[in-house]
Amino acid sequence: MHGPGSAAWLLVALCAATGAYCLLRMRSGVEEQRRAAGSEALMGFGMALMAIPAAVITPPRTAWALYAVVFGAAALRALWSSRSSAHHVHHLVGTFAMAYMAVGMAAAPSGHAGHGGAGAPLVTGLLLLYFAGYVLWSGVRLVPVATAGGGPPANGWGDRPELARACRLSMGIGMVAMLLTL
């Protein structure tokens, strides 16, 4: 996922900040929101680790295999959870994409993508289309919530829907950026 230095660091910061906010969202009083926030925190921090520039650190192939196992397990959990919630289908696609990118990174000759040859073009293209569409859809959904005004709800800032949507939007943008460098 290692792109140009400053862009990679911006992606690392965006994903890490999103992951940190999702950890705070795990304090919600609503069970479903806590579960979704936990999955999103894993995605945010995983994306931040994968986006660290290769000039700083090039993880060994075993690290990429570990990422693939962790996100493969998260994909199985999302598959199981998708029976009861359509939102978990998005988590399933996201965790699959992370596992797919980790496998691509492990298979890349230099141990990091960005030089071509990592990942199947068809799968990468389909994931890019999905996440580009998701970003556009999330952005459109965010506008009415953000312009409605009103201030924080009585149940706390961690349960504000516009912040959760902005979090998901930023991770979608990060996923598009990572897939473009694969």
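Side notes on the structure shown:
- Residue-level check: of (1) farther than 20 Å from residue 133 by Cα; (2) at pLDDT 90 or above; (3) hydrophobic (A, V, I, L, M, F, W, C); (4) surrounded by 18 or more Cβ atoms within 10 Å (Cβ to Cβ), residue 70 misses just (4).
- Residues located in the range 10-68, provided they are over 16 Å from the mean Cα position of the chain (by Cα) and hydroxyl-bearing (Ser, Thr, Tyr): 28, 58, 62
- Flag if residue 40 is surrounded by 20 or more Cβ atoms within 10 Å (Cβ to Cβ) and of a type in the set (Asp, Glu): yes
- Against the conditions (1) more than 20 Å from residue 134 (Cα to Cα); (2) crowded, with 18+ Cβ neighbours inside 10 Å; (3) modelled with pLDDT of 90 or more, residue 94 satisfies every one except (1).
The values are calculated or read from the model by the stated rules, or taken from the named source; none is laboratory data. These numbers were taken from a predicted model, which means no experiment stands behind them. Glycine also receives a Cβ, built like all others from the backbone with ideal geometry; neighbour counts cover every protein chain displayed.
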